[in-house]
């Protein structure tokens with residue numbers, strides 16, 4: 001891997017981090033768990049890990065006989081989703097003295113940040129930006145509409 005390739009990966013990580021900062025800012029401004037920093041780290045880390053899969057496969061193919069290890073990049077995405085879901089589970093709590101669960105939307109938002117990071121790593125910039133706006137619409141606009149109708 002060349003120095004220039006490293007810089008492109010770093011740029012993608014930066015893009016993913018900025019996009020997920022927008023998502024995290026919405027969570028933070030709504031006083032929800034897993035705010036700006038958490039979403040930024042999830043999105044940036046996902047982008048980084050997905051981005052280094054190709055160099056990892058090249059390294060394995062050059063240094064380890066292919067009969068011993070077969071590379072499967074889909075497993076990387078599976079592992080990331082499981083890890084992010086574990087973090088998301090930490091944001092979910094049962095409200096005290098109520099039959100209500102809190103934090104499900106925040107946990108789901110972390111999965112979206114994971115997707116934004118993966119999309120950015122795979123050079124799907126339009127998709128990553130579009131999904132960022134979609135999450136903001138879901139979390140902010142839909143919440144406002146739901147609150148408006150629940151108050152009536």
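Placing R0 at 30 angstrom, the Cβ-Cβ distance between residue 25 and residue 70 gives a FRET efficiency of 0.15 after rounding to 0.05. Apply the Kirkwood formula to the range 10-58: the hydrodynamic radius equals the inverse of the mean of 1/r over all pairs of different alpha-carbon atoms; give it in Å with one decimal. That comes to 11.0 Å for the range 10-58. Each of the peptides 46-52, 78-84, 32-38, 110-116 was scored by the mean count of other Cβ atoms within 10 Å over its residues; in descending order, highest first, they stand as 110-116, 46-52, 32-38, 78-84. Roughly what angle does helix 104-121 make with the longest principal axis of the chain, taking Cα atoms, 0 to 90 degrees, to the nearest 10? Orientation of helix 104-121: about 30 degrees from the principal axis.
Of the Cα atoms belonging to the range 3-150, the radius of gyration and Dmax stand at 17.7, 62 Å.
The order of the peptides 3-13, 128-138 by mean Cβ neighbours within 10 Å, most packed first, is 128-138, 3-13.
The range 59-116 and the range 129-152 have Cα centres spaced 24 Å apart. Computed over the chain with a Gaussian network model linking Cα atoms closer than 10 Å, the most mobile of 98, 123, 58 is 98.
FYI, it's all coordinate maths here, none of it is from the lab. On a predicted model such as this, the values are computed, not experimentally measured, just so you know. Backbone-built Cβ (ideal geometry, glycine too); neighbour counts: all protein chains shown.
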